[in-house]
Each structure stands twice: as C-alpha cells, then as structure tokens.
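Heads up, the thing below is written out as structure tokens.
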Amino acid sequence: LIVLGIETSCDDTAAAIVKGNGEILSQVIASQAELLARYGGVAPKMAEEAHAQVIDKVVQETMEKANLTERDLSAVAVTIGPGLSLCLRVGVQKARKIAGSSSLPIVGVHHMEAHALVARLVERELQFPFMALLISGGHNLLVLAQDLGQYIQLGTTIDDAIGEAYDKTAKWLGLDLRKSGGPAIEELAREGDPKSIKFSTPMKQHKDCNFSYAGLKTQVRLAIESRNIDTKIPLSSASIQDRSVRADIAASFQRVAVLHLEDKCERAIEWALKIEPSIRHLVVSGGVASNKYVRAQLTAVARKKGLQLVCPPPSLCTDNGVMVAWTGLEHFRIGRFDPPPPADEPEDTMYDVRPRWPLGEEYTEGRSAAR
Ligand code: ATP
Ligand code: FE
C-alpha cells in the first residue's frame, strides 16, 4: 500500500507519501507563517490563495522526492475537515484531480483524527482503545479512541484552544512571530520565573473535562498592560530588565496553561478507564504537543495514572501531510474510501468538505455515552 496525503485545512500546505508499513517515503510542507506574521492572522481568502499558489508544486515535489508516479499510488487521502472551507477545497480539488486522472480511490480524512492516529505510525504497539489529548491552534480535545473512526469526546474547549492562547500571548509580548507563537513563548519562558505571577487556573470548580483559555488570555493581557514594558520594542533590543519581565510573564502563563491541561487530562483518564478499563496509552498530539514542558508535564500525568505517554516528534505534532496519508491508509485498509471521481469532473463541483465536524459523540459522566 502506498498513499498520498494532502493537507490544506489551515495555514500549511502539506503533502506526504506513506507506505503500509509506516515508512515515510517523502513529505513537503509550505508554511504561510511569513504571511501570518505580516498580517497578524489568517484571512480565509488570503490563505486560500496562498494554498492555491503552491499546491501543485508541493504535490509534485512530494512525488519526485519519493521517486514515484501517480500510477504507483494505492489511494489519495485528503483532509476534508474541520477547517476553513475555502482552504479545504483547494486540497480536495487537487486530490480529486489526481484520483480522477489515475483512477484512484479517495479517502476523506478528519484533521483531528489524523493528529491522533499519527501516534500509531510512530508507536506500532499503540492499540485501540487509547486516550488522547489533542492540543492545537483551534482545538483542545480529550477523546477516548475506541476504534478507527470511533471516538467519545470527553472534553473540549468552551472558548479558545491553548495554541490560540500561546499565539496571542506571544503577539502581546512583542515576540518574533515569523515561526509561530508557541515556540517563541516556550523559548522565552526558559529564562523566566514560572511562579512570579499568580495567574489563576481556569475551570477549577468545574467537575467536568472541559477547557477554557479566554480568561487566562485576559489575565495575561492585563498583566502586560499593568507592567512598565514597551512591547513595541522587539525582544532582541529590549533592556535586560524589560526582557526579564516578559520572560516572567511567558513562564507564568505557560505554567498555568499547562496546569489546566494536567487537571482536566487526569479527570478524563479516570472517566475513560471506567468506560474502557483496558486503556494503556495516553496520546498527546497537535501543534502544542511539540512543546517540551507540555511533554514533561503530561508524561508525569500519564505515569501517575498508570499509562504510557505517546507523543509524536514535533514535526508530526504540527500540521503535516504524513498524518493525513497515514490516517487515509488506516481507513483504506478496512475498506473505507470513495470510488475514483470522474476524470473530467468540472472545477466548480460542490465537494464534500466539512468545516465543522465533531470527532465523536459528546460524553459527560453520569450520562451514558451514545454509541
Ligand atoms: P487545528 O489543528 O486545531 O486545526 P492548526 O492546524 O492550525 O489548528 P497545528 O499546526 O496543529 O494547528 O498547531 C499549531 C498551534 O500549535 C499554534 O497555535 C502554535 O502556536 C502551537 N505550537 C506549535 N509549537 C508549539 C510549542 N513549541 N509550544 C506551544 N505551542 C506550540
Ligand atoms: Fe492541526
């Protein structure tokens, strides 16, 4: 089996080719980070154009690096949601063009399932059922993965995701956003005192597994405003004292942001073990899972609960084509795919994209899970 995966749900245009045994034959990512830094956020129309400009090149390079032609492929996998619909369409159109011209089956992939399942490529021992914490720019999910395509959502965010809080904190602290906010905060936090500012941990009194990061964002903004620092001056030219205040804010924010993950993750594992006592692993994935402090703290949570942590390498935590190819492969293997589209499919076809697409049924303890 050889599957090409295409990902365009947000701000990265990515493709990869993966073999049935998990071997990654090639991967290419074109990031819109420069664009984001320049304009301070994603505008859907701008992101769509950026994807459209590079998609052909990204896929072509992926094929060339693997030294394959389209006829060598078994199927084409593509992210169909959740994400920005204009962006998703660019990937879906490209995938259908390839599948149509070479008569290949097509597999529609859930972006968050892909973040979770790439852990099975990395750790071949990882069997269902397992627990997963998926943390990224747009999602903050605690799920019990029962089987392929079968998830129970134990918790989600009621407002922002943790990645969004990292990104805003970085922006407000005047950090260099040419990469993304997360890594910039992680780096600066190493210089700071994590206990210097007493941010309060969100949702402490709620006995559920949901998250909230909007309040912490506000606390951070107020902390920045109330201190005498000029965040218009880039960090590299800031005075020593100004730099250390910013580092303290970054470190204190990170400590509480991650403490919130630890609290809810612990409770979710307890819930999950009642539903599926055979769980052995905690998967932590999504862009924020590339953070070393996050990994260390969640390793401790997993250990405390008798589970083994599986966290993909950073390059497979942030958006990538490998996770899409792999998830497509897993579904393809059990017969879940669409037949090849017609070779002459018109370009204005209404594709099946799912901008909002829950990963599974919601569950709250006390209510039985709908299955
Ligand atoms: P989603 O998966 O919810 O659709 P996305 O695809 O944009 O969102 P990912 O690429 O999975 O998100 O993750 C990007 C997020 O991860 C950004 O918010 C970024 O700041 C964060 N991130 C990346 N690296 C780190 C890090 N080292 N520490 C903290 N956050 C990080
Ligand atoms: Fe993502």
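The values are calculated or read from the model by the stated rules, or taken from the named source; none is laboratory data. Keep in mind it's a predicted model, so treat the numbers as computed, not measured. As a convention, Cβ positions derive from the backbone with ideal geometry for all residues, glycine included, and neighbour counts pool all protein chains shown.
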Of (1) within 20 Å of D147 (Cβ to Cβ); (2) exposed (fewer than 15 other Cβ atoms within 10 Å of the Cβ), L117 satisfies all except one. Which? (2)
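Tally up the residues in the stretch 263-308 that are among the hydroxyl-bearing types (S, T, Y) and under 21 Å from T364 (Cα atoms), please. Explain how you work it out, then say what you get.
If we filter the stretch 263-308 for residues that are among the hydroxyl-bearing types (S, T, Y), which is where we start, we get 278, 285, 290, 293, 299.
With under 21 Å from T364 (Cα atoms) added as a condition, the list becomes 278.
Here the count works out to 1.
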Could we say that L86 is out of contact with any strand residue (DSSP E or B) (no Cβ under 9 Å at 6 or more places or on another chain) and within 16 Å of ligand 1 (Cβ to nearest atom) here? yes
Taking only the stretch 193-229 into account, find how many residues are within 14 Å of W172 (Cα to Cα) and without any contact (Cβ under 8 Å) to a residue 40 or more places away in the chain. 9
L142 - would you say it is under 16 Å from S212 (Cβ atoms) and either in contact with a Cys (Cβ under 6 Å, 6 or more places away or on another chain) or away from ligand 1 (no atom under 15 Å from the Cβ) (or both)? yes
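Each row is one residue, and each column tells you yes or no for (1) more than 16 Å from ligand 2 (Cβ to nearest atom); (2) more than 20 Å from Q127 (Cβ to Cβ); (3) surrounded by fewer than 16 Cβ atoms within 10 Å (Cβ to Cβ).
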| position | (1), (2), (3) |
| --- | --- |
| A302 | yes, no, no |
| C311 | no, no, no |
| G321 | no, yes, no |
| E330 | yes, no, no |
| P339 | yes, yes, yes |
Looking at V42 and the list (1) surrounded by fewer than 23 Cβ atoms within 10 Å (Cβ to Cβ); (2) within 16 Å of ligand 2 (Cβ to nearest atom); (3) modelled with pLDDT of 95 or more, which single condition is not satisfied? (3)
Flagged in the stretch 114-160 as free of Cβ contacts under 8 Å to residues at least 60 places away in the same chain and within 16 Å of G287 (Cβ to Cβ), in numbering order, are T157, D160
When you go through (1) among the charged types (D, E, K, R); (2) within 30 Å of I334 (Cβ to Cβ); (3) in contact (Cβ under 8 Å) with a residue 24 or more places away in the chain one by one for K171, which number turns out not to apply? (2)
